[in-house]
Amino acid sequence: MTARIPNLFVVGAPKSGTTALVKYLSRHPDVFVPSRKELHFLCQDLGYHYRVETLAEYCSYFEEWESEAWAVDGSVWYLYSEDAAANI
């Protein structure tokens, strides 16, 4: 099986409602949300301590994504990263 990567990104300032938005999206039958928010994989320039380090580890959070049309990666730190937009 080919590794799958998310196709919907929730990016916003801290305390702007990103967690609530991801929670609301998770209730929709066509949206897959991984068990962890704030993976920080796409903002490697920030040196965040709790960041997913490898593509394999990143993809592992989306292994349970089945038939849903969308898979979400949400991180407020993508907003501050100089790399995240290009990585997305």
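The values are calculated or read from the model by the stated rules, or taken from the named source; none is laboratory data. All values reported here derive from a predicted model rather than from experimental measurement. Quick reminder, even Gly has a Cβ in these numbers, built from the backbone with ideal geometry, and neighbours come from all protein chains shown. For the accessible areas, the whole protein counts, side chains as well, though only heavy atoms, and no ligand, DNA or RNA atoms are used. Shrake-Rupley method; radii C 1.70, N 1.55, O 1.52, S 1.80 Å.
For the chain, the square roots a ≥ b ≥ c of the C-alpha gyration tensor eigenvalues yield an a/c of 1.5 or more together with a/b not exceeding b/c, which makes the shape oblate.
Electrostatic tally near Glu66: other residues with Cβ closer than 14 Å to its Cβ, Lys and Arg +1, Asp and Glu -1, net -3. Counting only protein heavy atoms and a 1.4 Å probe, the chain has 64 square angstrom of accessible area per residue. Of the residues Ala13, Ala71, Ala56, the one that moves most in a GNM of the chain with alpha-carbon contacts below 10 Å is Ala56. Highest mean first, the peptides 21-27, 73-79 sorted by other C-beta atoms within 10 Å per residue fall in the order 73-79, 21-27.
Largest first, the residues Ser81, Ser67 sort by 1.4 Å accessible area into Ser67, Ser81.
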